[in-house]
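Step one of this worksheet: look at the structure below.
The values are calculated or read from the model by the stated rules, or taken from the named source; none is laboratory data. Every value quoted in this text rests on a predicted model; they were computed, and no experiment measured them. Virtual Cβ from ideal backbone geometry, glycine too; neighbours counted across all protein chains shown. We work out accessible area using only protein heavy atoms, side chains counted, and drop any ligands, DNA or RNA first. Shrake-Rupley method; radii C 1.70, N 1.55, O 1.52, S 1.80 Å.
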Amino acid sequence: MISLSGLNPEQRSAAEAIEGPVLILAGAGSGKTRTITYRIAHMVSNLAIPGKNILGVSFTNKAAKEMRERVIALLGKTKSRGITLTTFHSLGVKILKKEIDKLGYHLNFSIYDTSDQLGIIREALKVYQTDKKFDHKRILSKIGSMKNRGISSEDFLSSPYFDEEEPYDLATEYAYRYYQDKLKFFNAIDFDDILFLVVELFDKYPEVAEKYSEKFQYIMIDEYQDTNGLQLKLIMGLVSKHDNLCVVGDDDQSIYAFRGADITNILEFERQFPNAKVIKLEQNYRSTSPILSLANHIIKENKQRRAKTLWSTKESNLKPILWAMGDTDHEAQVVVDEIAKFQAKGGHLGDIAILYRSNTQAQPIEDELRIAQVPYTVLGGQKFYEKKEIKDLIAYFSVMVNPYDQMALRRILNVPHRGIGNATLDKFLLYSEQNNVSLFEAMQAHPDLAGPRAGNIQDFVKLIHTYQEKFKQNSLAESCSVFVEDIKFLQYIDKQYDNAKQADRRKNDIMMFLESAERFQKFQSDQATLKNFVEKLLLQDNQDRQEDEEDEDIRKNEVTMMTLHSSKGLEFDIVYLIGMEEEILPHKKTITDGEDISEERRLAYVGVTRAREKLFMTFCKERKIYGRKVTRYPSRFLYEMDPLYVNQDRTTFGHLTEEEKEEHIKSTFASLSSLLDD
């Protein structure tokens, strides 16, 4: 039996609410994951619900992994077997691997990344034939947006999102149809297709939805405030045979509207499920009371929200501090100086985060950190699996799994160099198109199209066939390692880079990749097939950090820099929230476009609630914008919550009396007040 006595009353109530629809409103730092995992353990151990009937869905691989580890810690490996704890997209892929043939695809489909997608968009626009230049990424983004709204290439023309007088919409309409046709021909889908196609399956074949609804009789959705319309349709399909749906989230932390997240999903949960039970988790285990008091004052100004008030037993005399800075350079100097003093006293840099609304705010801070020789890391840089040589290897393995994958095939046809140029490739592409066969089939059947390079084509086809068999007969890690040696990939890298250090870094990346294959084999055992490995690599979530474990150790004593959007779900002892100014937070675009600033206020709330012990906020009196110094004003969010924090004017700190400092702060906010009134 699993004891729930360690949960607080609200957490326990949530863990024991099993039947019917349940909405758990989990405030920041309120022990959400602990509650969910105890709920699962209670279902299996105390209520004897079979693990195979339980589904837990989160947004990132990291969150799903943490949930799995905690459930195993509570139940043990044996009792945890059969429980499905996964991401939306991983669940979608599992369904498509068994059902996608109903939509006219082969079961061994590929998942295209951004570079592959853009390659098809470029082709589409060449065929479109127009003198106007179009931004390929903008068109791809529009296509992704349509898929996340559930709008197909056939329906786009008649949708409210199409404007026949907008050149980009006309180009997108053509590119969307061309793009989907090519994907299907290559037996490939993109990341946005995963849920789009599952919903299409559920719509066209209700019996498929019912099958999975009968399989997963108890469903939990984490971060429900981040779901979009398409995910809601998928969820409704999964509960078509029952209403045992538990959603967990916090509307006050809904900050991903730009990704299509629809906050009304959580705000209107009771309208969709009238008999829903609603439980609020308001006790915060992360931050001190002064920090939470500030956070509560920020967010209460939002009108469309579920009323809740965070509280904590962690009392503290340390109030959040607001620094008024002279300019951007001064801001960087003061922040880094404080961090350097903290380090000099033996402080741990891994306890510190610097948060900002926009990446453009990072450079002055970075420059100052380098000058002060303070180690730091910036989250959101190039991911490991996006590096060229890694993508080359993944492309090879993708072709072995799915020979129809033309984009992957074209990527590695001449990597390493084997004398197969564009002229030769064009001959095979033409034959492929004229005869409606895949590029690989054309190369396999008619290598003679390459003329004197026919032998090179035959060698390439043989290489793919050989390793398709080797991966079946030998272990994943061994086959990956032997393949890298066989194609002399490390020697190829040496020839590609004049700089020996750069070549060594790239070769080290390959070694790390091979180690990742070993880890996958170790933890997946009988599931460690090439197909599953490639699927795992292609499904790496954009929100997940993909560093090597050794690299993680290095980062433990570095200051972390990131945007407010990237910070959700993380926490630090000390947080510097820089640039609390009008036109930064809230963002200028939101103000000038006359948009609702509720999400900007939620961003400020998320930033404040990342801090456990100390919170420092800054605003500058002037910033250099396009080479011109511009007067700045503190954010209206600060104005709304004055005077809950300690104000310090760092520009004149040593020259004013306490009365003068207080008067200066009042006049600063009076200026903002008149600005907002205007």
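Quick rundown of the values:
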| read-out | value |
| --- | --- |
| Segment 375-485: relative contact order in percent, alpha carbon pairs under 8 Å with at least 6 residues between | 20 |
| 13 Å Cα-Cα reach of LYS102 towards aspartates and glutamates, excluding residues that sit fewer than 8 places from it in its own chain | GLU200, ASP203, GLU207 |
| 0 to 90° range, to nearest 10: angle between helix 476-486 axis and the chain longest Cα axis | 70 |
| Mean accessible surface per residue for segment 279-343, computed with a 1.4 Å probe while every protein chain stays in place, in Å² | 44 |
| Cα Rg, Dmax (largest Cα-Cα span) when computed across segment 392-493, Å | 13.5, 40 |
| Peptides ranked, highest mean first, by Cβ atoms within 10 Å: ranges 415-423, 584-592 | 584-592, 415-423 |
| Hull volume in cubic angstrom per residue (convex hull over the Cα atoms of segment 264-358) | 171 |
| Cα gyration tensor shape of segment 188-288, rounded if a/c is under 1.5, else prolate or oblate by comparing a/b with b/c | oblate |
| Estimated 222 nm signal from helices in the chain, with DSSP H stretches of n ≥ 4 weighted -39500 (n - 2.57), rounded to 500 | -15500 deg cm²/dmol |
| Links that overshoot a 25 Å alpha carbon limit, given the list LYS391/LYS507; LYS233/LYS391; LYS94/LYS522; LYS77/LYS568; LYS341/LYS556; LYS280/LYS568 | LYS233/LYS391; LYS77/LYS568 |
| Gyration tensor verdict on segment 562-626 (Cα atoms; rounded if a/c is under 1.5, prolate if a/b is larger than b/c, oblate otherwise) | oblate |
| Percentage relative contact order, the chain, counting C-alpha pairs under 8 Å, at least six apart | 18 |
| Cα Rg, Dmax (largest Cα-Cα span) when computed across segment 595-637, Å | 13.5, 37 |
| In nm, spacing of pseudo-spin labels at LEU107 and ASP181 (7 Å Cα→C-beta vector) | 3.0 |
| Crossing angle, helix 658-677 versus the chain [Cα axis fit, 0-90 degrees, rounded to tens] | 60 |
| Selection from ILE493, ASN436, GLN521 lying farthest towards where the dipole of segment 395-535 points positive, charges on Cβ | ILE493 |
| Two-decimal Rg/Rh across segment 1-160, once Rg and the Kirkwood Rh are taken from alpha-carbon atoms | 1.13 |
| Over 24 Å between alpha carbons, listed pairs LYS470/LYS531; LYS387/LYS589; LYS495/LYS531; LYS97/LYS204; LYS52/LYS241 | LYS387/LYS589; LYS495/LYS531 |
| Loop-located GluC sites (Glu not before Pro) in segment 284-390 whose Cβ has at most 11 other Cβ within 10 Å (DSSP) | GLU315 |
| Listed residues LEU294, ALA257, THR309: farthest to the positive end of the dipole of segment 202-348 (Cβ charges) | THR309 |
| Karplus-derived HN-Hα couplings along segment 419-433 (A = 6.51, B = -1.76, C = 1.60, θ = phi - 60°), whole Hz, x at Gly and Pro | x, 10, x, 5, 4, 5, 4, 4, 5, 6, 5, 5, 4, 4, 5 |
| Label point distance in nm, GLU301-PHE523, each placed 7 Å from Cα along Cα→Cβ | 4.2 |
| Computed accessible area, THR529, all protein chains, 1.4 angstrom probe, square angstrom | 60 |
| Degrees, to the nearest 10: 328-344 long Cα axis against longest axis of the chain | 90 |
| Set of aspartates and glutamates with alpha-carbon distance to LYS624 below 20 Å, sequence-local pairs under 8 removed | ASP327, ASP329, GLU331, GLU366, ASP367, GLU368, GLU581, GLU582, GLU583, ASP649 |
| Protection proxy ranking of 271-278, 433-440 - average other beta-carbon atoms within 10 Å, highest first | 433-440, 271-278 |
| Segment 2-100, relative contact order [Cα under 8 Å, separation at least 6], % | 27 |
| FRET efficiency estimate (nearest 0.05) - Cβ-Cβ, LYS98 to LEU47, R0 25 angstrom | 0.30 |
| Surface share of carbon and sulfur [accessible, 1.4 angstrom probe, percent] for the chain | 47 |
| Per-peptide average of other Cβ atoms within 10 Å, ordering 234-240, 357-363 highest first | 234-240, 357-363 |
| Lys, Arg +1 and Asp, Glu -1 on Cβ, resulting dipole of the chain about Cα centre, debye, nearest 20 | 1580 |
| Column: log10 I(q)/I(0), Debye, Cα scatterers of the chain, q = 0.08, 0.11, 0.12 Å⁻¹ | -0.73, -1.31, -1.47 |
| Cα gyration tensor category, rounded, prolate or oblate, for segment 1-71 with a/c compared to 1.5 | rounded |
